[in-house]
Amino acid sequence: MTDGTTARADTSAINASDPSPKELEESIDQLAAYRDRLVKDVIGMGQRLKLPQKQVEFTLAQHPELQKIESILAQLEAQKSEQD
């Protein structure tokens, strides 16, 4: 017996495997905007805490969420290139 949630998850997985070029571009734009906000927040926090610039840069380079975002953006860009 399958509930509606599972069916919707399966459908979204099917749709996610073959996005339109417009959907792909929108996803890239939104994810890049989120990344930029996150970077800005980390830099702002470092300035408020009066951390050295090198420490802020190290924090940005090691930030797990930023690393994940960069990885996903690279995948999306590759997928976009395949569609072109």
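FYI, it's all coordinate maths here, none of it is from the lab. Only a predicted model underlies this, so the values are computations on that prediction, with no experimental measurement involved. Cβ placement follows ideal geometry from the backbone for every residue including glycine, while neighbour counts extend to all protein chains displayed.
Could you please find all residues in the stretch 19-74 being of a type in the set (Ser, Thr, Tyr) and either part of a helix (DSSP H, G or I) or surrounded by 12 or more Cβ atoms within 10 Å (Cβ to Cβ) (or both)? Walk me through it before giving the result.
Looking only at the stretch 19-74, we keep the residues that are of a type in the set (Ser, Thr, Tyr), and these are 20, 27, 34, 59, 71.
Residues satisfying the conditions are Ser27, Tyr34, Thr59, Ser71.
Between a first residue in the stretch 56-81 that is basic (Lys, Arg) and a second residue that is in a helix (DSSP H, G or I), which pairs have beta carbons less than 8 Å apart while being 6 or more apart in sequence or on different chains?
Pairs found: Lys80/Pro21; Lys80/Leu24; Lys80/Glu25; Lys80/Ile28.
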